[in-house]
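*Asks:* Please read through the structure below; I'll follow up with questions.
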Amino acid sequence: MLLRLLARRGISDLGGTRLLEVGCGNGGNLLEFLRMGCAAENLTGLELLPERAARARRSLPLGLRVLVGDALQADVEPESQDIVFQAVVFSSLLHDAFQRRLAEAMWRWTRPGGALLWYDFAYDNPSNRDVRGVPLRRVRELVPQGRFEVHRVTLAPPIARRVCRVHPSLYTVFNALPFLRTHLLCWIEKP
């Protein structure tokens with residue numbers, strides 16, 4: 001889905017794309033961007049937790065920058081990034097004001113013509129009070145000046161776990177039903 005989204009946007013060669021991931025964790029997503037063709041020297045990861053940042057540093061090439069600490073204090077030049085990416089970060093931020101400040105920082109780092117790449121779940125998880133869904137309405141409030149392309153993706157994890165226990169191929173069958181998908185993949189272009 002991501003490669004198709006990028007291709008529709010005219011991005012077929014990621015080699016020169018400057019991409020920053022907010023909340024890079026252990027670096028797994030950045031490794032995927034490397035596999036898709038991004039150059040290590042054009043990638044930056046931001047991670048709040050030092051132990052995760054250390055694991056990312058160990059698994060990623062030396063040319064890839066990993067910054068540790070609060071993203072709002074990060075040393076990132078305004079309008080320096082082609083893509084600013086976040087994956088399930090905002091659903092972990094329970095304070096509206098902090099969500100807004102982080103979205104503003106991410107928008108500030110994005111160059112005109114670039115985009116925020118947003119992947120997060122849109123619905124609350126009733127069994128986990130440490131997260132909350134970020135519905136599309138809220139994403140639009142956080143980035144009101146953006147031009148949106150939105151896709152519902154990812155089979156609801158509780159359903160995915162159950163059907164995969166029966167047979168892994170059932171994931172594809174159930175994921176074909178859009179109303180069972182719980183996450184949003186948004187390309188939010190900066191004019």
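The values are calculated or read from the model by the stated rules, or taken from the named source; none is laboratory data. Just so it is clear, the model here is predicted, and its values are computed rather than measured. Glycine also receives a Cβ, built like all others from the backbone with ideal geometry; neighbour counts cover every protein chain displayed. Just so you know, the surface numbers come from the protein's heavy atoms only, side chains and all, with ligands and any DNA or RNA stripped out. Shrake-Rupley method; radii C 1.70, N 1.55, O 1.52, S 1.80 Å.
*Asks:* Using only alpha-carbon positions, what ratio does the radius of gyration of region 105-191 give when scaled by 2.2 N^0.38 Å?
*Replies:* 1.28
*Asks:* With no solvent and one equal point scatterer per Cα, compute the Debye intensity ratio I(q)/I(0) for the chain at 0.16 Å⁻¹ and report its log10, rounded to two decimals.
*Replies:* -1.09
*Asks:* Follow-up question, since we're still on this one. Rounded to the nearest 20 Debye, what is the dipole magnitude of region 85-136 about its Cα centre when Lys and Arg each give +1 and Asp and Glu each give -1 at the C-beta?
*Replies:* That gives region 85-136 a dipole magnitude of about 200 debye.
*Asks:* While we're looking at this one, here's another question. Carbon-plus-sulfur fraction of the accessible area of the chain, 1.4 Å probe, in percent?
*Replies:* On the chain, the fraction of accessible area on carbon and sulfur atoms equals 55 percent.
*Asks:* About the Cα centre, and with charges only on the beta carbon of Lys, Arg (+1) and Asp, Glu (-1), how big is the dipole of the chain? Nearest 20 debye, please.
*Replies:* About 640 debye.
*Asks:* With charges set only on the Cβ (+1 for Lys and Arg, -1 for Asp and Glu), what does the dipole of region 14-57 come to about its Cα centre, in debye to the nearest 20?
*Replies:* For region 14-57, the charge dipole is close to 60 debye.
*Asks:* Give me the accessible area per residue for the chain, probe 1.4 Å, as a whole number in Å².
*Replies:* I get 52 Å² per residue for this part.
*Asks:* For region 22-123, what size does the Cα cloud have along each of its three principal axes, sorted from largest down, in whole Å?
*Replies:* Over region 22-123, Cα extents along the principal axes are 35, 32, 27 Å.
*Asks:* For residue 167, tell me the accessible area in Å² from a 1.4 Å probe, rounded to the nearest 10.
*Replies:* About 100 Å², rounded to the nearest 10.
*Asks:* As a test of reading the structure, rank 183, 151 by solvent-accessible area (1.4 Å probe, protein chains only), most first.
*Replies:* 151, 183
*Asks:* A follow-up question, please. Taking the Cβ of residue 95 as the centre, find all other residues whose Cβ is under 12 Å away and add up their charges (Lys, Arg: +1; Asp, Glu: -1).
*Replies:* +2
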